[in-house]
1. What number of residues within the stretch 186-211 are at pLDDT below 95 and open to solvent by less than 20 Å² (accessible area, probe 1.4 Å)?
2. If I ask for residues that are touching an Asp or Glu at 6+ places or on another chain (Cβ under 6 Å) and crowded, with 24+ Cβ neighbours inside 10 Å, which ones from the stretch 439-452 would you list?
3. Can you tell me which residues in the stretch 1-45 are at pLDDT below 95 and in contact with an Asp or Glu (Cβ under 8 Å, 6 or more places away or on another chain)?
4. Would you be able to tell me the number of residues in the stretch 115-156 that are farther than 16 Å from Thr97 by Cβ, near the ligand (Cβ under 9 Å from one of its atoms) and either without any contact (Cβ under 8 Å) to a residue 40 or more places away in the chain or not assigned by TED's automatic domain parsing to the domain that holds Gly101 (or both)?
5. So if I check each of Ala589, Ala667, Ala661, Ala684, which one is in contact (Cβ under 8 Å) with a residue 12 or more places away in the chain and of a type outside the set (D, E, K, R)?
6. How about the stretch 653-685: which of its residues are closer than 20 Å to Glu621 by Cβ, in a helix (DSSP H, G or I) and out of contact with any Asp or Glu (no Cβ under 7 Å at 6 or more places or on another chain)?
7. Can you tell me which residue among Thr323, Thr309 is part of a loop (DSSP other than H, G, I, E, B), among the hydroxyl-bearing types (Ser, Thr, Tyr) and under 30 Å from Ala416 (Cα atoms)?
8. Which one of the conditions (1) away from the ligand (no atom under 13 Å from the Cβ); (2) β-branched (Val, Ile, Thr); (3) touching an Asp or Glu at 6+ places or on another chain (Cβ under 7 Å) does Val85 fail to meet, given that it meets all the rest?
Amino acid sequence: MSHSETQAVRTEVVGKAGLIILNNPPVNALGLKLREGIVDALSELNGDANVEAIVIYGEGKAISAGADITEFGKTPKLPTLPEVVNAIETSEKPVATVLHGVALGGGLEVCLASHARVALKGTLLGLPEVTLGLLPGAGGTQRLTRLVDLETAIDLITSGRKVDAAKALEIGLVDQIGQGAPRDVALKAANDIIEGDLKTRVTGELTAEIDVDVLAAAQEKYDRKRPKLIAPIKAVEAASHAAKPIQEGAKLERELFLELMESPDRQGLIHAFSAERATRQFPEAGAQPRACDTAGVIGGGTMGVGIATAMLLAGITVTILETSTERADNAKAAIEKNLASAVKRGKLSEKARDERLASLSASADLTDLSDVDVVVEAVFEDLAVKTEIFQKLDKICKPGAVLGTNTSYLDVNDIAAATSRPESVVGLHFFSPAHIMRLLEVVVADKTTDDVVATALAMAARMKKVAVRSGVCDGFIGNRILAHYRKVADYLLLDGNSFEQVDKALEDFGFAMGPFAVGDLAGLDIGWATRKRKAPTRPAEERYVTIADHICENGWFGRKTGRGYYLYGDSKSREPNPDVVEIVEQVRASEGIEPRAVSDEEIVSRYMTAMISEASRVVEEGIALRPIDVDAVFLFGYGFPRHLGGPLNYADRVGAAQLVAQIETYAKEDPHYWQVPSLLQKLADSNGSFADLN
Ligand code: 3HC
C-alpha cells in the first residue's frame, strides 16, 4: 500500500485500486487545493503500475458541493475546473466516482466526466448553478445531455432541481446504487471495474440527441416565466452545443459561463446565498441553547396555526392554546389541514404526518403549558392582552422556559417587564403563513440573555428558517423599513401617477407584486389600523395621504372583500377599481394637486432610495447587525428580487454618492421625508460601500 498526502486530496493504493480521497470540509468545495490535488493524484495513480482502476470519493458529509463559491469574482487560478474534469475523462486508467451526501454543480461535473458513477442511497444530485446566476461551466451541459434524455437534462440544468440517487439511476445519471461507507463502496467499485462487473465509458464520446424543438420550448418557457433572469436562457444555449465534439461544446459552454460570471445577477444571487448563511453569525450564537423539544403556542389564528405547524414539521411537540375548547379544537383541525396539504405537496410522508399529529395537543387551559420548554404567544397585537398573558405565563411556566412573543411592532421590553424573568423573554416575529415563509426576526430585548437568543436561533435552524437578529424598535427591521418606503408609493399616487403604473414599474424592476397589489393581498385594513395607531404621534410636517383611508371607509379591504385598488372577479387578473380612481381624483382636487406623473425609472428610484435610506438608519442604529441582515430580511420575508441581492446590496450598485444626490433632489419638494441618513453620507464621503460593513 502506497500513500501520499496533500492537505485536501490524498491518494491510497489498495491492491489494484487507486483511491483519490477528497477532504476539504465542510462540503468538499472544489477550490484550488482540491483541483491541484485531483490532477496530481490522477497523474500519480496513472503512473503506478500496480493500479488498474481509480476511484474518487469524498470524506465528510458530501462528495462535493461544486466549485468554491468564495473564489468567484477573483482571478482564476490554474488548473481550472474544466481542466480537472478533462484530466479525469482522458485518464488512461478507468476512473469511477462514489457519490454521497450531495453531488452539486462542479461536484457533479467531476462525476459526469468519470467513466462510471456509483451513488449511495439518498445522495442528492443536481446542477444548481442557475440559482447562482451561472450555468454549469465544467462540461455539465455537454455531458448531462449525453447521459440522460434532452428534456430531462434541460429541466435539471435550467431549474437547478436536485434528484435523489434512485431517480438518478432511473434516468441514467448514475450506473449503480452502492451500500456502505464511501470508502468501502469505492474499493468495491474498483474491484468491479477490474472484474468487468461495472462497465466504464467515456461520457464525452457518447452522442447527445439534440432536438431543436425541445430547446426552443425551453427558451420560450424561460423568456416568459423569468424574463429578468438570463442564466437559464444561456444554459439552454450551452446545451444546444452538445451535438458538437466534446472539446468544442465545452469551450462554448465555458465562454457562456464566464460571461455570466461577470453579470450583476450572479453577484446578487450569490450575495443572497451568503445572506442566508451570514445571519447565523450572532454575537450570542456561541451560548449554549436551552432545550426546545416541547412548545406551547398561544393563539389559534392564522399565525398561531402556522407557527404550530412549522414547529411540528421540525419535530417539536406542540400544545396549541385557545380561549375555549371549541376554538382550540378548530385550531388543531387547521393544523391538521396544513399537514395534510404538506403530504399532498409531497413534503411529508403519511407516516411522518401521523407521527407529527401524535405530538400535537389542543387546550383551553394555560396551566397545560407548565412543563413546556418554549412558549410562543401569537395573539393579536394588543399590549394589554399580551402583558396579561405574560403575567400568567410567569406564574405557570417552569423555570428556564423561553417565553417568546410573536409581535410585529410592540415593544418587547414592555412585554418582558410584565414578568419576573425578563431575561427569558424574546421577540419572535414570524411571517405569515409561518410554516411556509422562511424569515423569522429574533428580537433581542434589553434583558434577554445570550442562551435565550441562542435557543431562538437553534429553534429557527430546526424549522429551517432564516433567523435574523433584530434590536427593539417600532416594526423591527422589516416593518420599520416598509413603513417608511411604502409612503413613497402613496406620494407618487397622490402626485399624479396611477396605482397600476406604480405597481407595474416596480414589478418590471423585479418585485413579484407592486405595493398596491400587495396591500390588496395583505388586507388594506391592516395598514389602516397601523395608521390609526400612529396618528397621535405623526409629526405635523409629515405629508399624509388619505386615499387608502377613504378606500377602507367603504369597506373595501382588497382581495378578501373582492375589491381594493383592484377589482377581483373570478379570474386571477386584476382590474383597476374605477371607484378608487375617482377617490384619487377627488383627493387630488381637494388638495389642489396638479397631477404630474413621473417616469417608471423615477418611480423605481424614489421607492428604492426611500427603502435604502431607512435601511441605512436601521444599520446605523444597530437594530440590524450588518447590512447583509437587512438584505436577508427583505429577500426571505418581503419578496425582494433575489437577483438584486437585497436593498443594501442594490444600494452598492447605485452608489452612496448617487443616492445622496437623489435624496437631496427629492428633498427640495419634501424636506421632512427626504433626509440624508448620516451613515449613507459617510459612505458617500469616503467612497465606501455597505459591503464593507458586512
Ligand atoms: N463553495 C464554497 N462554500 C460552500 C459551497 C461552495 N460550493 N457550498 C457550501 N459552502 C459552505 C457554506 O457557505 C457554509 O459555510 P459557512 O459554514 O461558513 O456558513 C458551509 O459550506 C455549509 O453549507 P450550508 O450551511 O449551506 O450547509 P447545508 O448542509 O445546509 O447545505 C449544501 C449544504 C446543500 C451543499 C449547500 O451549501 C449548497 O447548496 N451549496 C451550494 C451548491 C452549489 O450551488 N453549487 C454550485 C456551485 S457553482 C459551480 O459549481 C460552477 C461550476 O459549474 C463550474
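1. Adding up the residues that qualify gives 1.
2. Within the stretch 439-452, the first condition is being touching an Asp or Glu at 6+ places or on another chain (Cβ under 6 Å), and the residues that meet it are 447, 449-450.
Result: no residue meets the conditions.
3. Result: Met1, Ser2, His3, Ser4, Thr6.
4. Number satisfying all stated conditions: 0.
5. Details: Ala589 fails: in contact (Cβ under 8 Å) with a residue 12 or more places away in the chain; Ala667 fails: in contact (Cβ under 8 Å) with a residue 12 or more places away in the chain; Ala661 fails: in contact (Cβ under 8 Å) with a residue 12 or more places away in the chain.
Selected residue: Ala684, the only one of Ala589, Ala667, Ala661, Ala684 that is in contact (Cβ under 8 Å) with a residue 12 or more places away in the chain and of a type outside the set (D, E, K, R).
6. Ala656, Leu659, Val660, Ile663, Leu680, Gln681, Lys682, Leu683, Ala684, Asp685
7. Thr323
8. It is condition (1) that Val85 fails.
The values are calculated or read from the model by the stated rules, or taken from the named source; none is laboratory data. What you see is a predicted model, and the numbers here were worked out from it, not measured in a lab. Note that we place each Cβ from the backbone using ideal geometry, even for glycine, and neighbour counts take in every protein chain shown. The area values use the complete protein model at the heavy-atom level, side chains included, leaving out ligands, DNA and RNA. Shrake-Rupley method; radii C 1.70, N 1.55, O 1.52, S 1.80 Å.
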